[in-house]
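Everything below concerns the one structure shown next.
The values are calculated or read from the model by the stated rules, or taken from the named source; none is laboratory data. All values reported here derive from a predicted model rather than from experimental measurement. Using ideal geometry, Cβ is built from the backbone for each residue, glycine included, and neighbour counts are taken over all protein chains shown. Please note that ligands, DNA and RNA were not included when accessible areas were found on the heavy atoms of the full protein model with its side chains. Shrake-Rupley method; radii C 1.70, N 1.55, O 1.52, S 1.80 Å.
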Amino acid sequence: MKCRICKKTACVGLRSHNTAFCEDCFLQFFQRQIERGIEKEHLFTKDDRILVAISGGKDSLALLYELNHLGYNVTGLHIDLAIQGSSDTAREAVERFCQKHALPLIVLATSDYDLAIPTVKASVRRPICSACGTIKRYFFNKVAIDQHFTVLATGHTLDDEVARLLSNTLRWDPSYLATQGPLLPAENGFVRKVKPLWRLSEYETATFCFLLGIENTHTVCPYSQGASFTVLKKLLNNLEATMPGRKIDFYQGFLERGKPHFRTMAPTNANLRPCIQCGYPTSNDDMCGVCHMRTLVRARKGEAHKDKTEVEEEKGE
Ligand code: AMP
Ligand code: FES
Ligand code: ZN
């Protein structure tokens with residue numbers, strides 16, 4: 001197989017694009033897809049201060065690497081969730097990566113806010129993956145706002161976006177269909193959120209990391225059941241294998257021709273008010289969801305402390 005651009009021997013075949021590239025031309029293709037994704041959806045400019053949320057996985061590390069390479073003003077943000085067996089490895093990978101490439105990095109440990117994920121899991125009733133998602137998004141936004149970043153970027157890829165779109169479509173969920181996309185504009189108390197990898201697949205980010213020797217973690221969260229999205233991703237991969245190019249067609253078609261029909265159904269933020277504890281915008285009457293979880297964690301800790309003291313007192317009698 002020959003590279004479509006330079007005719008040297010190809011090392012990467014991309015069926016969705018019906019093409020193959022040598023190493024150099026693939027890296028240029030990858031860069032061009034990010035640039036096109038930024039331009040097409042007006043995600044940000046060179047004047048923005050961009051906070052890139054990096055988990056330690058291939059997608060977000062590839063994103064931070066390439067945005068820096070393209071000359072954007074970027075800083076990494078890692079949230080240490082204190083999950084045994086995965087958080088330490090992720091944090092080390094992120095720290096090594098940023099040190100190696102001289103990239104600025106902010107690390108925030110949720111345990112410093114009484115929100116270590118195992119403790120949250122023991123204290124709240126809702127499924128831990130959803131609670132964890134809320135906590136991560138809260139800190140992405142908080143760090144961005146507190147430290148005056150103008151944009152928060154995540155490493156969501158075309159695969160993530162198409163799976164989400166299919167899930168939203170299967171439920172015909174108008175409020176999600178009205179807001180899904182690579183750009184969520186800034187709104188009172190919320191920073192602008194972007195997904196610059198929306199034109200690239202996980203296979204392409206994995207190839208990019210492999211070719212550049214970017215070490216990344218693929219430790220699976222022990223709590224993740226990952227059920228519905230994994231099923232949808234498998235389904236879409238099967239579709240792509242027989243009908244190459246369907247994923248990007250489906251997603252891009254939605255952005256251009258589907259989403260505008262849902263515009264009037266976007267949820268309004270009119271009834272948001274500041275959380276009485278932390279000031280974060282919330283639709284609750286008093287505390288935001290994260291402060292509420294922290295209250296439950298602290299209450300449980302208080303109970304545990306009381307139990308321990310009672311046992312000790314009983315022993316002393
Ligand atoms: P996931 O929901 O795990 O697929 O992650 C989606 C995106 O969220 C990643 O590409 C990162 O940009 C971001 N992200 C996930 N976990 C973390 C974390 N612990 N710290 C910082 N960013 C994260
Ligand atoms: Fe948050 Fe698994 S990564 S619960
Ligand atoms: Zn709060």
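If I model a spin label as a point 7 Å beyond the Cα along the Cα-Cβ vector, how far apart are those points for residue 47 and residue 129 in nm?
Modelled inter-label distance: 4.1 nm.
Taking only DSSP H segments of four or more residues, each worth -39500 (n - 2.57), what value at 222 nm results for the chain once the sum is divided by all its residues, to the nearest 500 deg cm²/dmol? Please list the in-between numbers first.
Working: 11 runs with 152 residues, N = 317.
Per the formula, -15500 deg cm²/dmol.
Residues of the chain: accessible area per residue at 1.4 Å, in Å²?
Numbers: 17030 Å² over 317 residues.
Here the per-residue accessible area is 54 Å².
Test of understanding: what is the full-extension gain from residue 188 to residue 284, defined as 0.36 nm times their sequence separation minus their Cα-Cα distance?
33.0 nm
For 98, 129, give me the order by solvent-accessible area with a 1.4 Å probe, most accessible first, ignoring ligands, DNA and RNA.
The residues order as 129, 98, largest area first.
Taking 0.36 nm per intervening residue step and subtracting the Cα-Cα distance, what contour gain separates residue 88 from residue 105 on full extension? The partial results should precede the final answer.
Numbers: separation 17, 0.36 × 17 = 6.12 nm, distance 1.59 nm.
Extending this stretch completely gives an extra 4.5 nm.
Apply 1/(1 + (r/R0)^6) to the Cβ-Cβ distance of residue 122 and residue 175, taking R0 = 35 Å, and write down the FRET efficiency to the nearest 0.05. Don't jump to the answer; show the numbers that get you there.
On the way: r = 32 Å, r/R0 = 0.91.
Efficiency for this residue pair is about 0.65.
Could you tell me the relative contact order of the range 110-219? Use alpha-carbon pairs under 8 Å, at least six residues apart, and round to a whole percent. Walk me through the numbers on the way to the answer.
Numbers: 86 pairs, mean separation 28.0, N = 110.
The normalised contact order for the range 110-219 reaches 25 percent.
With a 1.4 Å probe and every protein chain kept in, tell me what percent of the accessible surface of the range 212-266 is carbon plus sulfur. Write out the running numbers ahead of the final one.
Details: 2190 of 3710 Å².
Ligands and nucleic acids excluded, carbon and sulfur reach 59 percent.
Give the residue list of trypsin sites (Lys or Arg not before Pro) in the range 1-88 that are DSSP loop and have at most 11 other beta-carbon atoms within 10 angstrom. Spell out each step's value before the answer.
Details: sites: 2, 4, 7, 8, 15, 32, 36, 40, 46, 49, 58; in loops: 4, 7, 8, 46.
Sites meeting the loop and neighbour criteria: 7, 46.
Can you tell which of 18, 141, 237 shows the greatest fluctuation in a Gaussian network model of the chain with Cα springs below 10 Å?
Most flexible of the set in this elastic network: 18.
Provide the descending list of Cα extents for the range 1-124 along its principal axes, expressed in whole angstroms.
Projected onto its principal axes, the Cα set of the range 1-124 covers 57, 34, 29 Å.
Do you know the relative contact order of the chain, to the nearest whole percent, from alpha carbon pairs under 8 angstrom that are 6+ apart?
On the way: 454 pairs, mean separation 63.8, N = 317.
That works out to 20 percent.
Taking amide H atoms as placed 1.01 Å from N in the peptide plane, list the residues 5 or more away in sequence, or in a different chain, whose amide H sits under 5 Å from that of residue 73.
Distant-sequence amide H within range of residue 73: 50.
Determine the alpha carbon to alpha carbon distance for each of 136/233; 142/234; 40/100; 58/193; 121/193; 2/100 and list only those over 29 Å.
Values: 136/233 23 Å; 142/234 34 Å; 40/100 32 Å; 58/193 20 Å; 121/193 27 Å; 2/100 33 Å.
Those over the limit are 142/234; 40/100; 2/100.
State the Cα centre-to-centre distance between the range 23-91 and the range 114-168 in whole Å.
Result: 16 Å between the Cα centres.
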